[in-house]
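A quick write-up on the structure given underneath.
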Amino acid sequence: MTLRSDVAELLDAAGILDVDVDEAVADEHVRSSAYRRIVSAAASSRSRERDRATLATILRDPVEVISKSAVVELVDRVAMEVDGREVFRQWTAELLPELDRFKAEGNREFVRCRMHDWLFYLSVKEGHMPTSAELAKATRWMQRTLAEGATPSAVLALLAESGSSRKIRNIARNRAGSRKLRSQ
């Protein structure tokens, strides 16, 4: 497989017809933009059957930072689309072997960590009340996502007390306080 055939195959499978394949191959910015559109189409699909093949193809890109960005975006978008933690857990388990295609261990670890964060998020969304120890294992990014999002009051209280940064604790405290005012 060549980069040209990979990009052409991904665009075709996503039904994206307005991207010049030769330009995408020659220009990393065009290719990165095309990958974002491909990932968006994949994540919005009801079927998760092609995701592993899409991921494997993107991971063949010679510029690892481009493929990493696309993979992270796919993980983020699918996490927001799936029906619950268990479905996401199964989906990530299928994709984990593909992460070995990354040359840099840091990239593999970053994506694994992002998957873990989303599993944590989905468990909270399903009603799990995390402990301080579980919260400490979530990245600052995920703690902030929880603090800024539609998070139960008890989780906001935990974030206000145990968030990993002052900013996260303040966001959670302010959101928890505004909820109390609204309920009075």
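The values are calculated or read from the model by the stated rules, or taken from the named source; none is laboratory data. Small disclaimer: the values here were computed from a predicted structure and weren't measured. Using ideal geometry, Cβ is built from the backbone for each residue, glycine included, and neighbour counts are taken over all protein chains shown. Surface accessibility is based on the protein's heavy atoms, side chains included, excluding ligands, DNA and RNA. Shrake-Rupley method; radii C 1.70, N 1.55, O 1.52, S 1.80 Å.
Laid out as a table, the results:
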quantity: Filter result (open to solvent by 40 Å² or more (accessible area, probe 1.4 Å) and part of a helix (DSSP H, G or I)) within region 4-15; calculated: Arg4, Ser5, Glu9, Asp12, Ala13
quantity: Residue match in region 16-31 (condition: modelled with pLDDT of 95 or more, in a loop (DSSP other than H, G, I, E, B) and closer than 24 Å to Glu81 by Cα); calculated: yes
quantity: Test result for Ala93, open to solvent by 20 Å² or more (accessible area, probe 1.4 Å), small (Gly, Ala, Ser) and touching a residue at least 12 places away in the same chain (Cβ under 8 Å); calculated: no
quantity: Residue match in region 126-148 (condition: crowded, with 17+ Cβ neighbours inside 10 Å, of a type outside the set (Gly, Ala, Ser) and without any contact (Cβ under 8 Å) to a residue 24 or more places away in the chain); calculated: no
quantity: Matching residues, region 152-167, being loosely packed, with under 13 Cβ neighbours inside 10 Å and not in a helix (DSSP H, G or I); calculated: Ser165
quantity: Flag if Arg114 is surrounded by 15 or more Cβ atoms within 10 Å (Cβ to Cβ) and within 16 Å of Arg48 (Cβ to Cβ); calculated: no
quantity: Residue within region 81-88 that is modelled with pLDDT of 95 or more and in contact with a Lys or Arg (Cβ under 7 Å, 6 or more places away or on another chain) present; calculated: no
quantity: Whichever residue in region 124-145 is under 19 Å from the mean Cα position of the chain (by Cα) and either of a type in the set (Lys, Arg) or outside any helix (DSSP H, G or I) (or both) and, among such residues, is nearest to Glu86 (Cα to Cα); calculated: Glu126
quantity: Of the criteria (1) over 15 Å from the mean Cα position of the chain (by Cα); (2) open to solvent by less than 20 Å² (accessible area, probe 1.4 Å), which one Ala53 fails; calculated: (2)
quantity: Test: residue in region 10-20 that is closer than 28 Å to Gly127 by Cα, touching a residue at least 12 places away in the same chain (Cβ under 8 Å) and touching a Leu at 6+ places or on another chain (Cβ under 7 Å); calculated: no
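Condition check ((1) among the hydrophobic types (A, V, I, L, M, F, W, C); (2) over 22 Å from Arg77 (Cβ atoms)) across all residues:
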{"position": "Asp117", "(1), (2)": "no, no"}
{"position": "Phe120", "(1), (2)": "yes, no"}
{"position": "His128", "(1), (2)": "no, yes"}
{"position": "Leu135", "(1), (2)": "yes, yes"}
{"position": "Ala138", "(1), (2)": "yes, no"}
{"position": "Gln143", "(1), (2)": "no, no"}
{"position": "Ser153", "(1), (2)": "no, yes"}
